[in-house]
1. Tell me yes or no: at least one residue of segment 210-230 is within 16 Å of ligand 1 (Cβ to nearest atom), crowded, with 17+ Cβ neighbours inside 10 Å, under 19 Å from the mean Cα position of the chain (by Cα) and aliphatic (A, V, I, L, M).
2. Every residue in segment 305-317 that is within 16 Å of ligand 2 (Cβ to nearest atom) and under 24 Å from L110 (Cα atoms), please.
3. What tally of residues in segment 297-327 results from selecting those that are buried (at least 24 other Cβ atoms within 10 Å of the Cβ), part of a helix (DSSP H, G or I) and more than 8 Å from ligand 1 (Cβ to nearest atom)?
4. Which residue pairs have Cβ atoms under 6 Å apart, sit 6 or more places apart or on different chains, and have a first residue in segment 860-886 that is within 30 Å of A601 (Cβ to Cβ) and a second that is surrounded by fewer than 18 Cβ atoms within 10 Å (Cβ to Cβ)?
5. If we keep just the residues of segment 106-130 that are in a strand (DSSP E or B) and not aromatic (F, W, Y), which is nearest to ligand 1 (Cβ to nearest atom)?
6. Just the residues that are of a type outside the set (D, E), surrounded by fewer than 20 Cβ atoms within 10 Å (Cβ to Cβ) and under 18 Å from R620 (Cβ atoms), please, taken from segment 680-715.
7. Quick check on S384: is it more than 16 Å from ligand 1 (Cβ to nearest atom), in contact with a strand residue (DSSP E or B) (Cβ under 9 Å, 6 or more places away or on another chain), in contact (Cβ under 8 Å) with a residue 24 or more places away in the chain and hydroxyl-bearing (S, T, Y)?
8. Among N294, N283, N269, which is at pLDDT 95 or above, of a type outside the set (A, V, I, L, M) and in contact with a Cys (Cβ under 9 Å, 6 or more places away or on another chain)?
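The values are calculated or read from the model by the stated rules, or taken from the named source; none is laboratory data. Note that this is a predicted model, so its numbers are computed, not measured. Counting neighbours? That spans all protein chains shown, and the Cβs are built from the backbone with ideal geometry, glycine included.
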Amino acid sequence: MRTQQGTPIRRDAYQPLAYTVATVDLDFMLDPQETVVTNRMRCVRNPDAPAGPLVLFGEALERLSLSLDGQVPAAGQVREVEGGLEIDVDADEVLLEVVTRIDPSANLTLSGLYQSRGGYYTQCEAEGFRRITYFPDRPDIMARYTVRLEADAATCPVLLSNGNLLETGTLPNGRHFARWEDPFLKPSYLFALVAADLKALERRVTTMTGRDVLLQVWVEARDLDRVGHAMDSLIHSMRWDEEVFGLELDLDRFMIVAVSDFNMGAMENKGLNIFNTKYVLANPETGTDLDFENVESVVAHEYFHNWTGNRVTCRDWFQLTLKEGLTVFRDQQFTADMMARASDSADAAASARAVTRIANVRVLRSGQFPEDAGPMAHPIRPDSYQEINNFYTATVYQKGAEVIRMLHTLLGREGFRNGMDLYFSYHDGQAVTCDDFVGCMAEANGADLDLFMRWYSQAGTPRLKAEGVYDAASRSYSLTLSQHTPATSGQPDKLPLHIPVAVGLIGADGADLPLQLEGEARAGETTRVLELKAESHSWCFTGIDAEPVPSVLRGYSAPVILDIAEDDTRLAFRMAHDSDPFNRWDAAQRYMERVILALAADKAAGRPMQVPQAFGHAFRALLTNDSLDPAFVAETLALPAEAYLLERMEQADPAPLRAALIHLLRELGQALQADFVVRYMDLEVEGDYRYHPADAGRRALRNLCLRYMMAWGGPTAVQLAILQFQHAGNMTERYGALAALVQSDSPERCKALEAFHERYRDDALVLDKWFLLQAGAWRWADSAPATLEQVRALMGNPAFSLSNPNKVYSLLGGYFKANPAEFHREDGAGYAFWAEQVIALDRNNPQVASRMARALEGWRKFTPEIQARIRPALERVAAAEGLSPDVTEIVGKALA
Ligand code: TRP
Ligand code: ZN
């Protein structure tokens, strides 16, 4: 049963259960405080499992009755154990009926059945179903479900669950009911119900085999003018999965429901996806280009889970990346294809794909690298956990997607597709492991992926070193790649991995050289994938007339840190010429990183900061290059994330880093003011707003120009920012102007914040942006008020609530995670505030508390003085009474 708090659960301890469940029949009498759940299930002995009792998990349940084949159990037959029940059963099959009472109104964990704005919603992944009824709540128990819901007809006119609607009807006392049946086997974590006052946008579409299906997006009536984009995204996702993977929607009806209180982004419940409103609602007035992009990719992600996750699911939660890494990879490919499809030339399409890739890699570097370098480091398939909710991580999701991408790179598009086809042919309807998946990839391609499996068991970000030597006499260039993965907590020794490294060589004129490996017939390709399988290996390219510039890890072909000796001139050269747009961006980022870290070191040592002229020239060359896609230029000129830069410092020190960033923005803003103004003027997007990559790219670069100009803050900049703020025709422009004003020392910032609040005071999602912006505000003048005091004051705003995750993520998450210099203020007040808030949140919602707690897990990367200030805060949380397993695991590992 559930282990004692603090004892980890181990992957190698997996055992099938003695009894599985064939059918489940659930009856919900919905009531805010006293919901009664009747669960009748047919349990059957599992011939493949060791003998044992029937095991049921249950949490926060009040048991009203339990019977076995209609009989009251014998004395001692049912035992209460920690986390649930054990029942002795003699027969191979038993009909179990258990009735429980639960209180949705008091459930602030947002796991299980809870209320939000008067409606009822469920969230069962990973272990929420056991908070609804007693059940062997594990993903390897796949059953057929029927559900009857009964609720008050006036407050909950809409009654939804998984699958197909069988029947509805009215009842006495203003009640009504609905019955649903899900024709597919599913694990309990995919169960869902919704009972609320909602309206739907509906579409009927025809699938690839000509079936007519009904699509619905359910929202509150006032939000109906914001659901069109989610519906379009759903239809695009369906088409894409048909075209690219031959995968069709398998139900007659597919529903999306938006709810404003939700712990994560969205959930792929079978036929009834439940979404955080943030990832459904978007219209031009309230959503930015980024919101439109996020809605599209999250809708796609959840839809794609129907095959990668639902039809084939995970045997146990250690296999989470089986569905998440694969599904993230699929949604990334979808986004890249959508962006490319909207482009009007092959060049534009390539650039659009690169922009998507860059966005993926930014998330990996700023979110996953720090995780892999800290106390929570784990392989994409962890070996143990204390609380599974803590393992929905950047490693499982983002690095997991990178691992799938490497398979795609190694096997090719067709080989990958063949592997997928084989996977579904073998495992449809099953709960399987990552070995099963990689096994299908290997079998379909006759490939040996044994070594590749190390990516599943080894934590830590590998360092890849590239060294080239040119030999004029033999006209050859030898490239040596070597790898090393630093030790991570609990994994001191690392083995070499199978790493695909895409490589090109650039000639002096900036053009790629055709590549010919020694002893091979000339292929003439300009990019080749080298497979590094040992600690070190050299490749020799022949027929090279002059020393080339290597371009290594093109397209970011593996999730590693590339270590390559390049001086500023070489970086500037690749920044101007690398034919691989990803690497061109990366060259610019490396150059910028180098400049920023040098400025920070100067600041820390009390030396004056000075931006190198050569960098200014290289920056200007990109800024003024109007033959490049603006979206790409925006990515190239944007600062690397602070979280990533902290990771790159010898000893992380947020204050001088922030000073360096402010200095760089101001210097460039001043020196290139005229260029920024010209570009800004040119980039204006005419006409009505449309969500389109070309327009979004122009807006992104335009907002970035404004940001640099405002950092310097000349009168022209202030004037342009105010004009844009006041006359913006869409949220991307309005918010862009507000952000530029807030990230400056202009006195206009306060007025703009007030005006924005006034305009959107009743709009929860827009206010989230308003909170986030203030939580993340830098201090541009010593006289400016400290962010912490602002954050405290904002917690008193009537729109703020500690029980709404979106609000917490914006205001507290924004401060703890997106504002290192302010959070790590010298007096330690940021840490005291953190401890206070984590403890307060943990009383109601451990999942949210744990996510906030993670803001300090990487504390050992900081200078000793900073660490000494952080420790007491961690200890204070660790010592708090009644701490959840979620937060216990995080602070425990941080302090270990
Ligand atoms: N499976 C979901 C996804 O990635 C995410 C998820 C996991 C989740 N646990 C959750 C969502 C808890 C909400 C609450 O698509
Ligand atoms: Zn997912």
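1. Within segment 210-230, one or more residues are within 16 Å of ligand 1 (Cβ to nearest atom), crowded, with 17+ Cβ neighbours inside 10 Å, under 19 Å from the mean Cα position of the chain (by Cα) and aliphatic (A, V, I, L, M).
2. Hits for segment 305-317 are H305, N306, G309, N310, T313, C314, W317.
3. 11
4. Matching pairs, first to second residue: T863/Q651; R869/G828; L874/L895.
5. The selected residue is Q123.
6. Across segment 680-715, the qualifying residues are M681, W712, G714.
7. Considered against the rule, which asks whether it is more than 16 Å from ligand 1 (Cβ to nearest atom), in contact with a strand residue (DSSP E or B) (Cβ under 9 Å, 6 or more places away or on another chain), in contact (Cβ under 8 Å) with a residue 24 or more places away in the chain and hydroxyl-bearing (S, T, Y), S384 comes out as yes.
8. Every option except N269 fails the conditions.
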